[in-house]
Amino acid sequence: MRHLFSLRWFGLITSSSNALYTDLSGYYDLMCADINYESQSHCVRRLHQLFGNQGKRHLDLACGTGPHIRHFIDTGFMSNGLDLNQPMLDQAKLRCPEAEFSLQNMCNFVVDQPYDLITCFLYSIHYSGSIENLTACIRSAHAALKDGGVFCFNTVEKRLINNNSFVRHSVEQDGSHFVFQSGWFYEGDGDKQALKLSIEKTTNKVTEEWHDNHPMVAITFDELKDLLDPYFEVTVFEHDYEKLELWNTQTGNAIFVCVKR
């Protein structure tokens, strides 16, 4: 059974969707209120210690408002971030004034100095949208890493998606009640899947709703390994940030740890 997720929306989005997401950027932290950013960051630091070059320069792709970056900085990393949504980056800068943030597409980004660790949390790698763009993202990450650097991200196996499974949670803020829901949808063929999103905001018994089916890239883990193989040594772990276990080849979510060749 696939473990669903709370979503980072802002890794790579179309211009038509960007207006919606910019409007909702102030609600991003509410939507992700159930995410344990500290645990995720700690796990990836452990993976970097095990597989990486022990350097401290870190770049977070699709960084959103910067919660992961905050945890990396607080543990001694020199962390920066990039995203396609400027309002999100503005919030990230307030949260992490020590960091530098760049308005760039994660599928075609450049850096001034190479990094030791590049991360892409919350399934944001799927925002690449197509195999071609995903390949470009992999190439960009490889070019931006030092020798022995690590590219770490989580991903979902398209063949194991349950179209009827959703994550739903609610939260109260400033007199309003918010309900967030997200879930994958895959038709069963090809390299496209959709991320179905909905948000409800109720204030004084008046409800506003936002809905979106966002196109995402669909890929098998074997296909993904083939894309990564020319650039990285790849180790795949179970999608569990509390303990490190190699992927059992049966579950539909995994953490990919990729060391630059």
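Ignoring ligands, DNA and RNA, please state the percent of accessible area on the chain from carbon and sulfur, probe 1.4 Å. Mind showing how you got there, number by number?
Details: 5360 of 11310 Å².
Whole-percent figure for carbon plus sulfur exposure: 47.
Taking 30 Å as R0, compute the FRET efficiency from the Cβ-Cβ separation of Glu200 and Lys146 and round it to 0.05. Don't skip to the end; give the middle numbers.
Working: r = 45 Å, r/R0 = 1.50.
With a Förster radius of 30 Å, E is 0.10.
Test of understanding: express the Cα radius of gyration of the chain as a ratio to 2.2 N^0.38 Å, with N the residue count.
Details: Rg = 17.5 Å, N = 261, 2.2 N^0.38 = 18.2 Å.
Ratio of Rg to 2.2 N^0.38 Å for the chain: 0.96.
Cα gyration tensor of the stretch 120-193, axes a ≥ b ≥ c as square roots of the eigenvalues: rounded (a/c below 1.5), prolate (a/b > b/c) or oblate?
Oblate, because a/c is 1.5 or more while a/b does not exceed b/c.
Express in nm, to one decimal, how much length is gained between Glu238 and Phe185 on full extension, taking 0.36 nm for each residue of separation and deducting their alpha carbon distance. It would help to have the intermediate numbers written out before the result.
Details: separation 53, 0.36 × 53 = 19.08 nm, distance 2.17 nm.
That pair, Glu238 and Phe185, stretches by 16.9 nm at full extension.
Lysine pairs, Cα distance under 15 Å, 8 or more residues apart or cross-chain: how many in the chain? Mind dumping the intermediate values first?
Values: Lys56/Lys146; Lys146/Lys260; Lys158/Lys192; Lys158/Lys196; Lys158/Lys225; Lys225/Lys260.
The number of close lysine pairs in the chain is 6.
Say R0 is 45 Å: what FRET efficiency, to the nearest 0.05, do Asn248 and Leu94 get from their beta-carbon distance? Don't skip to the answer; put the middle values down first.
Values: r = 41 Å, r/R0 = 0.91.
It comes to 0.65.
If you wrap a convex hull around the alpha carbons of the stretch 77-232, what volume per residue comes out, as a whole number of Å³? Present the calculation step by step, with values, prior to reporting the outcome.
Working: hull volume 20.7 nm³, N = 156.
Output value, Cα hull per residue: 133 Å³.
The values are calculated or read from the model by the stated rules, or taken from the named source; none is laboratory data. Since we're looking at a predicted model, the values are computed, not measured. Cβ coordinates were reconstructed from backbone atoms using ideal geometry, including for glycine residues, and neighbour counts include every protein chain displayed. Side chains included, ligands, DNA and RNA excluded: accessible areas come from the protein's heavy atoms. Shrake-Rupley method; radii C 1.70, N 1.55, O 1.52, S 1.80 Å.
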